[in-house]
Each structure stands twice: as C-alpha cells, then as structure tokens.
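Working notes for the structure below.
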Amino acid sequence: MAGILKSVSGKSKINLSKKKFVIVVAEWNEVITEALYEGAYQGLVTLGAKKANIIRKNVPGTFELTLGALWAAEKKDVDAVIVLGCVIQGDTPHFDYICQGVAYGITEVNIKTRKPVIFGVLTTLTKKQAEERAGGKLGNKGEEAAITAVRMLEF
Ligand code: DLZ
C-alpha cells in the first residue's frame with residue numbers, strides 16, 4: 001500500500017461501505033488513465049468502499065469528462081464522482097482548450113450538483129511527467145483522488 005493511502009486508511013469517520021462512487025475514465029492516453037483508474041479503484045476499496053458500489057464509466061477524451069461527470073452526479077444514489085484523464089501538451093493550443101474546458105466544466109458540476117466531483121486529470125508537458133504521476137516516482141494521482149473523494153464525503 002502506498003504511503004499516502006496507508007496514512008489515512010481505516011480512519012474514516014463515516015461508513016464508506018454504504019457510499020456509491022462513479023469513476024469516469026477518459027480513453028485518450030489509455031495506459032496512463034488505466035493506471036490512474038487502478039489507483040483510484042484500489043484506493044477507494046482500501047479506504048472502505050464496497051467493490052459493488054464503485055461504478056466505472058468511460059468517455060472518449062478528457063473534454064468529455066464534464067458531461068460524463070454531470071450525468072453520473074445527477075443520479076440520486078451516487079454520492080461522489082472521480083474523473084480521470086491525461087492531457088499531454090502537443091504542438092498546437094489544443095492542450096490549453098481541453099485543460100481549461102475540463103477544469104471549468106468540473107468546477108461547475110461540483111457547484112450545480114452539490115456533490116464531490118474530484119478532478120483527477122493530469123495536465124503534463126511530457127509523457128514522462130504523466131508516467132511519474134500515474135504509479136511512478138511521484139505516486140498515483142488516482143489514489144489521491146480517492147482520498148480526496150472520501151475527505152469531501154466526511155466534510
Ligand atoms: C483531441 C485531443 C488531443 C489533441 N489530445 C488529447 C489529450 O492529450 N488527452 C485527452 O484526454 N484527449 C485529447 N483529445 C481529445 C479531446 O479530449 C476530445 O475527446 C475531443 O476533442 C472530442 O471532443
């Protein structure tokens with residue numbers, strides 16, 4: 001178990017076995033987003049969520065995470081949503097539009113639905129930077145997203 005997860009596991013003040021989570025995963029940069037998903041899924045389970053209460057939904061790219069998150073968060077029985085994506089800078093300004101779009105979009109979904117929608121999107125300059133944050137030397141941001149979701153439910 002990774003350090004950060006170990007430090008919080010088993011300490012939740014709420015009964016997580018009754019909470020329902022949706023993890024929305026972007027398919028672009030699939031190797032990275034799969035690693036983020038593993039981190040988020042295992043993180044939730046380690047923290048006390050029931051496997052049957054963790055639903056996975058895929059969307060084509062990071063830009064689609066906003067609508068995927070909105071659809072998920074609007075479901076009455078869903079308590080928290082985690083979105084996972086990876087945008088790697090290319091030669092065109094596309095990177096900026098996608099990153100800005102999803103950051104504003106997810107902020108709005110939080111406010112509109114009044115549910116925790118956790119932003120697990122890597123926005124990196126290189127593939128190496130993404131790998132380092134998806135189970136590499138800088139940890140797994142999916143796992144951190146799981147901890148953040150639980151902390152917001154506790155709040
Ligand atoms: C088009 C595009 C590009 C260039 N790069 C990425 C990326 O690095 N990461 C990602 O998740 N998605 C990318 N996309 C796809 C967009 O997110 C989106 O799916 C399309 O623009 C269609 O709306």
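Read-outs: derived from the displayed coordinates by stated rules, not from any lab. None of the values given here were measured: they were computed from a predicted structure. A quick note on method: Cβ atoms are made from the backbone with ideal geometry, for glycine too, and the neighbour counts reach across all protein chains shown.
With the Cα gyration tensor of the chain in hand, convert its eigenvalues to equivalent ellipsoid semi-axes via √(5λ) and list them largest first in whole Å.
Values: eigenvalues 116, 70, 27 Å².
So the three semi-axes of the chain are 24, 19, 12 Å.
Helical content of the chain, expressed as a calculated mean residue ellipticity at 222 nm, amounts to -14500 deg cm²/dmol (DSSP H runs of 4 or more residues, -39,500 (n - 2.57) each, divided by residue number, nearest 500). Against the chain, whose longest principal axis is taken from its Cα atoms, helix 30-47 shows a tilt of about 20°.
With the cut-off at under 15 Å, measuring from each backbone N in segment 111-128 to a point 7 Å along the Cα-to-Cβ line of THR92 picks out no residue.
Relative contact order (percent) for the chain, with alpha-carbon contacts under 8 angstrom and 6 or more residues of separation?
On the way: 308 pairs, mean separation 48.1, N = 155.
For the chain, the relative contact order is 31 percent.
What you get for segment 20-83, charging only the Cβ of Lys and Arg (+1) and of Asp and Glu (-1), is a dipole of about 340 debye around the Cα centre. Normalised by residue count, segment 8-73 yields a Cα convex hull volume of 88 Å³ per residue.
Segment 71-138: which chymotrypsin sites (Phe, Trp or Tyr not before Pro) are DSSP loop and have at most 10 other beta-carbon atoms within 10 angstrom?
Values: sites: TRP71, PHE95, TYR97, TYR104, PHE119; in loops: none.
Passing sites in segment 71-138 do not exist.
Taking only the alpha-carbon atoms of segment 87-155, what semi-axes of the equivalent ellipsoid follow from 5 times the gyration tensor eigenvalues under a square root, in whole Å, largest first? Don't skip to the end; give the middle numbers.
Values: eigenvalues 114, 71, 4 Å².
In descending order, the three semi-axes are 24, 19, 4 Å.
Loop exposure criterion: trypsin sites (Lys or Arg not before Pro), DSSP state outside H, G, I, E and B, at most 11 other Cβ atoms within 10 Å. Applied to the chain, the longest stretch between such sites is 14-75.
Taking a Cβ cut-off of under 11 Å around LYS141, the surrounding Lys, Arg, Asp and Glu residues balance to a net charge of -2, with basic ones at +1 and acidic ones at -1. Relative to the longest principal axis of the Cα atoms of the chain, the long axis of helix 141-154 lies at roughly 40 degrees. Partners of LYS18 within straight-line reach, counting lysines whose Cα lies under 28 Å from its Cα and excluding those fewer than 8 residues away in the same chain: LYS6, LYS50, LYS51, LYS57, LYS75, LYS76, LYS112, LYS115, LYS141.
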